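Novice: Pasting a structure here, questions to come.
Coordinate-derived values only; no laboratory data. Only a predicted model underlies this, so the values are computations on that prediction, with no experimental measurement involved. We place every Cβ from the backbone using ideal geometry, glycine too, and count neighbours over all the protein chains shown.
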Amino acid sequence: MARVFSAIKPTGDVHLGNYLGALRNWVEAQRPGESVYSVVDLHAFTTSPDAGEIGERTMNVAAILFAIGLDPDASVVFVQSHVPEHSQLTWLMECTASFGELSRMTQFKDRTARADGGFISAGIFTYPALMAADILLYDTDEVPVGDDQRQHVEITRDIAERFNTRYGEVFVIPRAVTPAAGARIMDLQNPTAKMSKSEQSDAGFVGLLDPPDAIVKRFKRAVTDSDNEVRHDREAKPGVSNLLEILAAATGQTIASVADEYERYGDLKTATAEAVVELLRPIQERHAELMADPGELHRLLAHGAGLARERAGATLERAMRAVGFTPPGA
Ligand code: AQP
C-alpha cells in the first residue's frame, strides 16, 4: 500500500483551493500506519512573521485538519517544529541540492522579482531542502498536493535520487498526486492567478471558515466574461472554467456534466455558492468545537509528534549512517 505524506503552511487563512486541491484528498488517502500529515510551521517562518503569529495560526490550521476528518487513530498528524529531525535532515538535503536547481524554483524567482530590492530571507531560497526532508523522512510514496506543488515534489525526487546514488538506497522516491478537478482553484476576481493564502484579494478569496453570506456574495461577484456561454475553456474563459471546476469538485460530478447543466452565468454562480456553503458547513461546526478545547488539541498534536519522531528518527539515522557520520558513543 502507498505511504502518503503531505503538509500545509500556517501562513494565512486556509482557503477553498487548499481544501479542494489537497486537504480533502488527505482524508481520502488516510490508512492506519500509512498516512502522515503536518502543519509545517517552520516553512511559515520564511516570511518573517510577527512574534506569536505562527503559533496561533498553527493551532487554527491543526484544528482545521481534524475538522475536515483526519482521524488521529488512522493518520499521524503533527506540527513540524515538534519533530526536530526535519531541521536536521534539511542540512543533508541542502548539501545535496545544487545552487542552480534551487535558483530555478518558480517561487524563489517570483518572490525575488516582486521584492524590488526589499528583504528576502535566505529561507526563501533554501526551503525546498526543508520540504525534501519533510517528505523523505516518512518513506513517502505519494504526496497529495495541488498543481502548484508539483515542482517541489520534482526537486525532492532529484535530491533523493542524487543522495541514493552517492550513498546507497536510503530514500524512497516519492511522486505527486493531484485531483482530477480542483487541482488549481483560481482567485474569483482574478481567475488567471491561483487563490492564495498570502496574496489574498479579499473579494476573490473563499476562506474555509468564511460565513455563508460572505461566500455567497463572493461567488455572485465572481469575474466571468461577456459571451454568455457556459463552457470549460481555461484559456479563453478562465472565470467560468474556475466556477465549473469548483462546482464539479464540490459535488463530485465531472466538469463536463456540470457544464451541461447550466446555461446562465447567474445560475452557475448560485449553484456553486450553495454547493460550497454546504460542503463547508460541517467543517466549520467541528472546527468551532475543536477551538473551544485547546487542551485536547495540544494532546492530539503531542500524540502525533511522538509517532512522527519514531519514524523520522529511524530515517535520519539511516541517512547519517549511509553518509558515514560517526555515531554518538561509537
Ligand atoms: N489555489 C489552489 N488550488 C488548489 N490547490 C491549492 N493549494 C494551494 N493553493 C491552491 C494546495 O494546498 C496545499 C497546501 O498549501 P500550502 O500551505 O503548501 O501553500 P501553497 O501551496 O504555497 O499555497 P497557498 O495556500 O496560496 O499559500 P501561500 O500563499 O502561503 O504560498 C498544497 O498541496 C497546495 O498545492
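Novice: HN-Hα J couplings of the range 16-24 from phi, Karplus 6.51/-1.76/1.60, θ = phi - 60°, integer Hz, Gly and Pro as x?
Specialist: 4, x, 4, 6, 6, x, 9, 3, 4
Novice: For K197, list the lysines whose Cα falls under 18 Å from its own Cα; do not include residues on the same chain fewer than 8 positions away.
Specialist: Cross-link targets: K9.
Novice: Then there's this: Could you give the radius of gyration (one decimal) and Dmax (whole number) of the Cα atoms in the range 212-288, in Å?
Specialist: In order Rg, Dmax, the Cα atoms of the range 212-288 give 12.7, 42 Å.
Novice: Taking the 0 to 90 degree range and rounding to the nearest ten, how far is the long axis of helix 53-67 tilted relative to the main principal axis of the chain, both from C-alpha atoms?
Specialist: 70
Novice: Run the reach check for K109 against aspartates and glutamates, Cα to Cα strictly under 19 Å, same-chain hits fewer than 8 apart removed. What comes back?
Specialist: Candidates past the 8-residue exclusion: E94, E101, D147, D148, E154, E199.
Novice: Additional query: Pick out, in residue order, every one of the trypsin sites (Lys or Arg not before Pro) in the range 86-129 that is DSSP loop and has at most 14 other C-beta atoms within 10 Å; say none if there are none.
Specialist: When the trypsin sites (Lys or Arg not before Pro) of the range 86-129 are filtered for loop state and at most 14 Cβ neighbours within 10 Å, R104 remain.
Novice: If you average the alpha carbon positions of the range 213-257 and of the range 105-183, how far apart do those two centres end up, in angstrom?
Specialist: What the calculation gives is 30 Å, centre to centre.
Novice: Report, in deg cm²/dmol and to the nearest 500, the calculated mean residue ellipticity at 222 nm for the chain, where each DSSP H run with n ≥ 4 adds -39500 (n - 2.57) and the sum is divided by the residue count.
Specialist: Counting only the DSSP helices, I get -16000 deg cm²/dmol.
Novice: Could you list, in their original order, any pairs among K194/K269; K194/K237; K237/K269; K194/K220 whose Cα atoms are separated by more than 22 Å?
Specialist: none
Novice: Still on this structure: So what's the convex hull volume per residue for the Cα atoms of the range 35-144, in Å³?
Specialist: 129
Novice: Charges on Cβ only, +1 for Lys and Arg, -1 for Asp and Glu, centred on the Cα centroid of the range 175-270; of T254, A222, S198, which one is farthest towards the dipole's positive end?
Specialist: S198
Novice: Let me ask you something else. Report, in degrees rounded to the nearest 10, the 0 to 90 angle that the Cα long axis of helix 238-251 makes with the longest principal axis of the chain.
Specialist: It is inclined by approximately 70 degrees.
Novice: Taking Cα pairs under 8 Å and at least six residues apart, what relative contact order does the range 212-288 come out at, in percent?
Specialist: 36
Novice: May I pose another question? Where nothing but the Cβ of Lys and Arg (+1) and of Asp and Glu (-1) is charged, how large is the charge dipole of the chain around its Cα centre, in debye to the nearest 20? Please list the in-between numbers first.
Specialist: Details: 33 positive and 47 negative charges, 131 e Å.
With only Lys, Arg, Asp and Glu charged at Cβ, the dipole is about 640 debye.
Novice: Against the longest principal axis of the chain, how steep is helix 294-323, in degrees 0 to 90 to the nearest 10, with axes from Cα atoms?
Specialist: 50
Novice: Between H298 and E229, what is the spin-label point distance in nm, taking each point 7 Å from the Cα along the Cα→C-beta axis?
Specialist: 6.0
Novice: Moving to a separate point now. Amide H of L208 versus every other amide H placed in the peptide plane: which residues, excluding those fewer than 5 positions away on the same chain, fall under 5 Å?
Specialist: Under 5 Å from the amide H of L208: V14, H15, L16.
Novice: Now, a different point. What are the ³J(HN,Hα) couplings of the range 84-94, residue after residue, when phi is run through the Karplus curve with 6.51, -1.76, 1.60 and θ = phi - 60°? Round to Hz, x for glycine and proline.
Specialist: x, 4, 4, 5, 5, 5, 4, 5, 5, 5, 4
Novice: Using the reciprocal of the averaged 1/r over all distinct C-alpha pairs, how large is the Kirkwood radius of the chain in Å?
Specialist: Over the chain, the inverse of the mean reciprocal pair distance is 20.9 Å.
Novice: Would you please classify the overall shape of the range 260-330 from the alpha carbon gyration tensor, given that a ≥ b ≥ c denote the square roots of the eigenvalues, rounded means a/c under 1.5, and beyond that prolate means a/b larger than b/c while oblate covers the rest?
Specialist: Numbers: a/c = 7.80, a/b = 2.21, b/c = 3.53.
It comes out oblate by the Cα gyration axes.
Novice: Can you compute the charge dipole magnitude of the range 207-330 about its Cα centre, using +1 on each Lys and Arg Cβ and -1 on each Asp and Glu Cβ, nothing else charged? Give it in debye, rounded to the nearest 20.
Specialist: The dipole magnitude comes to about 680 debye.
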